[in-house]
Amino acid sequence: MKNNIFCSFPGCDNPKSPKAAQGLCNSHYWQLHKGRELTPLSYRRNRCVPWLEEHLNYQGDDCLIWPFQRAQDSGVAAMKYKGKQGQATRVMCEMAHGKAPTPRHEAAHSCGKGHEGCIHPKHLRWATHKENLADQELHGTKVRGEKLHSAFLTESLVKDIRAMAGTMTQADIARHFGLTPQHVGKIINRKLWRHV
């Protein structure tokens, strides 16, 4: 059964446009607007939305792993949706549990396996960012420190900076590591790298 958030044209997995008539996606509405006969779109449609619909009532207890694209930095299930690259977990959560209470709510995993591509509808729920971070802390999957792709320091260097704090000025430590004195101060005072 086709979900009412998608284009009404049979076989189209594009999201329907809020501006288009007859529940069509932008592409099919454009065909209609130009006076053309509505036809399947000529470019290759992704298989993500039909796969989600097919697995919406998945009954297994184990994680249901996303077989398509995953985000390189986080491993989270990814897909193109509403013309933008997004998270397939969010789309599945909306299909299984309705719209998010607010646009800021996130699709959170009770299994802690979002980074492994879990998309099981029963493992997903809407949560605030704070609740989702608490889940990640609980599951040990929170990305921080040197796990961040943008991390400049390592845990070992942070320990060295703190060890030098009693023997050198923050300005000297900063010059030694190529940092600002303010950054060094935040590391020493545990405003940054608190987990180390």
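Number of residues in the stretch 46-58 that are modelled with pLDDT under 90 and either touching a strand residue (DSSP E or B) at 6+ places or on another chain (Cβ under 7 Å) or assigned to a loop (DSSP other than H, G, I, E, B) (or both): the value is 4.
Mind listing whichever residues of the stretch 96-120 are at pLDDT 90 or above, surrounded by fewer than 18 Cβ atoms within 10 Å (Cβ to Cβ) and assigned to a helix (DSSP H, G or I)? Within the stretch 96-120, HIS97 is the sole residue that qualifies.
Considering ALA77, ALA20, the condition of being surrounded by 14 or more Cβ atoms within 10 Å (Cβ to Cβ), modelled with pLDDT under 80 and not basic (Lys, Arg) is satisfied by ALA20 alone.
Just to be sure, is ILE5 among the β-branched types (Val, Ile, Thr), at pLDDT 85 or above and either within 25 Å of GLY117 (Cα to Cα) or crowded, with 16+ Cβ neighbours inside 10 Å (or both)?
Taking the combined requirement at face value, the residue does not satisfy it.
Being part of a loop (DSSP other than H, G, I, E, B) and in contact (Cβ under 8 Å) with a residue 24 or more places away in the chain is the filter here, so list the residues in the stretch 63-78 that pass it. The answer is CYS63, LEU64, TRP66, ASP73, SER74, GLY75, VAL76. Kindly check whether there is at least one residue in the stretch 26-38 that is touching a Lys or Arg at 6+ places or on another chain (Cβ under 9 Å), assigned to a loop (DSSP other than H, G, I, E, B) and either surrounded by 18 or more Cβ atoms within 10 Å (Cβ to Cβ) or modelled with pLDDT under 85 (or both). So far as the stretch 26-38 goes, no, none of its residues is touching a Lys or Arg at 6+ places or on another chain (Cβ under 9 Å), assigned to a loop (DSSP other than H, G, I, E, B) and either surrounded by 18 or more Cβ atoms within 10 Å (Cβ to Cβ) or modelled with pLDDT under 85 (or both).
The values are calculated or read from the model by the stated rules, or taken from the named source; none is laboratory data. Nothing here was measured: the structure is a model prediction, and the numbers come from that model. Cβ coordinates were reconstructed from backbone atoms using ideal geometry, including for glycine residues, and neighbour counts include every protein chain displayed.
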